[in-house]
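Data first, discussion second: the structure below is written as structure tokens.
The values are calculated or read from the model by the stated rules, or taken from the named source; none is laboratory data. Predicted model, so just to flag it, every value in this text is computed and none were measured. We place every Cβ from the backbone using ideal geometry, glycine too, and count neighbours over all the protein chains shown. To get the accessible areas, we keep the full protein, side chains included, count just its heavy atoms, and leave off ligands, DNA and RNA. Shrake-Rupley method; radii C 1.70, N 1.55, O 1.52, S 1.80 Å.
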Amino acid sequence: MTPSLPNEAISHEGKPAVSQTHNAIKIVLAKGASTRPIKKDLKALGGHKFETYFYSVPIANETPLKALLASKKIKASLHDHFDPYFSMTQNQKLAADERQIVDSKEDSLQFGVRDLILEAAALEKEIKVRELKQDDQGVTEFRKKLEEKKTQLKSLQEEIEQRRNKARLFDEMESSDPLPAGFKFDKAGNLVYQEEGNGEEDPLPIFICSRLEIVACTRDENNQNHGKLLKFSDVDGHIHDWPMPMRLLAGSGIEYREFLMDSGLNIASGTKARNLLSRYLQACKPEARVRCVSKLGWHGELFVFPKETIGSHQKEEIRLQSDAPILPDFHTKGSLEDWRSHIALKAIGNSRLLFSLSIAFGPPLLHWCEIENGGFHWRGKSSRGKSTGSFVGNSVWGPPSLVQSWRSTANAIEATASTFNDGLLVLDEISLSDPATVGATAYSLSNGMGKGRAECRGYLRKRSFWRLLFLSNGEVSLPSHMLEAGRKSRAGQEIRILDIPSETGMHGFFENLHGMGSGKEFADLLKNLCSAYYGTAIREFLRRFQEKRSESVLFIKERIQRFVQKFVVANADGQIFRAATRFGLVAAAGELASSFGITGWPEGAATDAATVCFNVWLDARGGSGSKEELDIVTQVKRFFALHGSSRFSNWGEQDDKTVNRCGFKKIEMEETEFFVFPAAFKSEISSGFDPSHVAEVCIREGLIKPYSQRDKTHPIRIPGMKSTIRCYLFTEHVLGDER
Ligand SMILES: Nc1ncnc2c1ncn2[C@@H]1O[C@H](COP(=O)(O)OP(=O)(O)OP(=O)(O)O)[C@@H](O)[C@H]1O
Ligand SMILES: [Mg+2]
């Protein structure tokens, strides 16, 4: 550690000081002694203060120095050389100290690791012996001990890693730029401010925060949004770096302080120290430059994650600098091989799992293949594996904590979407969303654009944009959920979030349990595995895609086209084409990942899974006609099923007591006709749709008999009335099946 007491032999962690320079005398003051009375005289002798108790004076002035000390009765010892530690800068000293700690601790930690490994090996041997003896109790006991050793080993290894990180930080600090005037790191490494003294003793330094380095200046691709790259370590030695937008210094600074404190930086609470921190951030001018981007995902040929960038930096380093208070945590766990063998291979024979995983490889392709955003929704009974399927898809990207809940406001979901740009946004359980706003959220997620909002001063804030695929699930579909709030979904909303029945007819979400006893066991196993292995697959996918970008884009486009041609019939509605394109993209993304050797699936497996899912989606939708027209026919038929007897007066009946009458019913030659008043047609039968479109669809479907090619309504004279009125004439086909 740093020498702290006077009159001690100058040494560094017990090692003798090494004489290196001989051109100065080091004065070590005795405890309690002060140079205050001779400060000016010392300066006159070329004296230089290093620490509270240490001074140096050129060796040539040795005699007058001794005389001075004697005359003022100052107790001090003189050493006629410096050791290298004394000739170091403050940062160099800190780095040296930390390295020393790390080295010595690491040695003992490594010994600890070695011992634990030996002990674990001995325990394993013992377990084998007990197993042979069929000593079950002994086996259990030794297994328990082995588990304890393994836990100890893990925590020791983590400690080594943390110490290495800390040492790395200090090494970097050694080469960092000089600090602005008045700021320095004290012996403990804290950032302090040293105010100028009035010629007497220096005032006490003001503590600002724990160690905080400013390592580079940042700006975006348009040379806007300037910022600084901050680096610091938290109490556990984890290193954090954060590209801080400079605009956060414009106000009170509360936002940046909140972020730094959340990340583990210890910040002084006084106003003076806070202002000093802002001044420090403003005044540091490091030479290094970093290009910052405000969004995750593709930037040129690089793919940016919050803490890493995939692809090689050609000109300068690229980092994410976002205003979002919380960015998704895309870290990885386990190796790609682990992920493949434990998760991806279990999807084989499971159409929904294969499809969930294939969806996850789709989002980075949207940009290159010019495909619109969109989502899929697993709909089915409770406790059948829907959420599990979503977690499995999410494992391609990162930890389960990336999965978001529908239980958020529309604004919060938009804000989240903008932090998943070019990524997969998994939203769990649609029933938790607000049925009144969920339709609009589905639109905005797919349109990739947040609401325009005004900021506090009335200026328009920058809209947020995103490109992504989203994967939702729930017991109900989007339209049924919206109905709870009395809202009717539009065909446009339903095409944006494609509703796929999750039941396979075998084990809930699953078809093949890979040797597990039940769907429940398989689901529980998968959920555990998704917490153990994640994040590696997408990184490898992105690297391989970058290497073979043009071939991959051609591959995807060709596969989508093939999928669409195979499954979309010639007269199908435009919505089917859009949906098939999205299913085709998922099929192609899964095949591409397999061709890169990431999934371990046989060729064609992803396409087969997408085909199964497309067909069940189409069946549930009611075929390949226009969704809106299917909905119109359903609504009209439902109206007549509900009100066909009660709200129509019988033709010719004089004494009529029909409540809320909407027309007349005429039965002639066993054929029923309904004459509907235009007002009822518009406000009730066509509710939520354009009435003239409803009339057109009904005529085409044979539900309305038009009067002539030009007139859709019939002039009729109702018995008992003098004048004629115009009515729509509905045939008895309206009483057929709803769909
Ligand atoms: N196919 C299945 N068969 C039987 N039990 C299952 C099946 N899938 C999941 N489970 C059980 O249900 C639990 C919840 O699983 P999961 O969250 O995937 O279900 P879910 O379909 O999303 O249900 P919910 O609609 O209630 O959210 C699991 O922990 C498991 O015990
Ligand atoms: Mg669920």
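Exactly one residue out of H331, H342 is in the same structural domain as G448 (by TED's automatic domain parsing) and under 30 Å from A417 (Cβ atoms): that is H342.
The residue list S263, S269, S322 contains one member that is small (G, A, S) and either surrounded by 19 or more Cβ atoms within 10 Å (Cβ to Cβ) or in contact with a Ser or Thr (Cβ under 7 Å, 6 or more places away or on another chain) (or both), which is S322. Of the residues making up segment 394-438, just one is within 16 Å of ligand 1 (Cβ to nearest atom), open to solvent by 40 Å² or more (accessible area, probe 1.4 Å) and within 18 Å of N373 (Cβ to Cβ), namely Q404.
I667: at negative phi and touching a Phe, Trp or Tyr at 6+ places or on another chain (Cβ under 7 Å), yes or no? No, not satisfied.
Scanning segment 516-531 for residues that are touching a helix residue (DSSP H, G or I) at 6+ places or on another chain (Cβ under 9 Å) and either among the aromatic types (F, W, Y) or open to solvent by 30 Å² or more (accessible area, probe 1.4 Å) (or both) gives M516, F522, D524, L525, K527, S531.
This table checks each residue for (1) in the same structural domain as V192 (by TED's automatic domain parsing); (2) touching a strand residue (DSSP E or B) at 6+ places or on another chain (Cβ under 6 Å); (3) surrounded by fewer than 18 Cβ atoms within 10 Å (Cβ to Cβ); (4) touching a residue at least 40 places away in the same chain (Cβ under 8 Å).
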{"residue": "G253", "(1), (2), (3), (4)": "yes, no, yes, no"}
{"residue": "L276", "(1), (2), (3), (4)": "yes, yes, no, yes"}
{"residue": "A283", "(1), (2), (3), (4)": "yes, no, yes, yes"}
{"residue": "E301", "(1), (2), (3), (4)": "yes, no, yes, yes"}
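Among the residues of segment 512-530, which ones are touching a Ser or Thr at 6+ places or on another chain (Cβ under 9 Å) and either within 24 Å of A589 (Cα to Cα) or not small (G, A, S) (or both)? Matches in segment 512-530: K520, F522, D524, L526, K527, L529, C530.
Tell me the residue from E511, E521, E494, E540 that is at pLDDT below 95, of a type in the set (D, E, K, R) and away from ligand 2 (no atom under 16 Å from the Cβ), please. Checking each option against the conditions leaves just E494. Annotation note: of G349, G380, the sole residue that is more than 21 Å from the chain's Cα centre (by Cα) and within 12 Å of ligand 1 (Cβ to nearest atom) is G380.
Output yes when any residue across segment 375-393 is assigned to a loop (DSSP other than H, G, I, E, B) and hydrophobic (A, V, I, L, M, F, W, C), and no when none is. Within segment 375-393, not a single residue is assigned to a loop (DSSP other than H, G, I, E, B) and hydrophobic (A, V, I, L, M, F, W, C). If you go through segment 376-411 and keep only what is more than 16 Å from ligand 2 (Cβ to nearest atom) and in contact with a Leu (Cβ under 7 Å, 6 or more places away or on another chain), you end up with V396, W397. Scanning segment 512-526 for residues that are outside any helix (DSSP H, G or I) and either among the hydrophobic types (A, V, I, L, M, F, W, C) or in contact (Cβ under 8 Å) with a residue 40 or more places away in the chain (or both) yields N512, L513, H514, M516. Can you tell me which residue within segment 464-484, out of those that are hydrophobic (A, V, I, L, M, F, W, C) and within 14 Å of ligand 1 (Cβ to nearest atom), is modelled with the highest pLDDT? Selected residue: L471. Taking each residue of segment 412-431 that is of a type in the set (V, I, T) and looking for partners that are assigned to a helix (DSSP H, G or I) and within 16 Å of ligand 1 (Cβ to nearest atom) with beta-carbon atoms closer than 6 Å, six or more apart or interchain, yields V426/S390; V426/N394; I430/H481. Here is a check on your reading of the model: is F614 crowded, with 23+ Cβ neighbours inside 10 Å and more than 26 Å from the chain's Cα centre (by Cα)? Judged against the criteria, F614 is a match. Restricting I208, I239 to those that are touching a helix residue (DSSP H, G or I) at 6+ places or on another chain (Cβ under 6 Å) and open to solvent by 30 Å² or more (accessible area, probe 1.4 Å) reduces the list to I239. Of the residues making up segment 485-511, those that are away from ligand 1 (no atom under 16 Å from the Cβ) and not in a helix (DSSP H, G or I) number 8. G264 passes every criterion in (1) out of contact with any helix residue (DSSP H, G or I) (no Cβ under 8 Å at 6 or more places or on another chain); (2) on the phi < 0 side of the Ramachandran plot; (3) not charged (D, E, K, R) apart from (2). Residues in segment 547-582 that are touching a residue at least 60 places away in the same chain (Cβ under 8 Å) and open to solvent by 50 Å² or more (accessible area, probe 1.4 Å): 3 in all.
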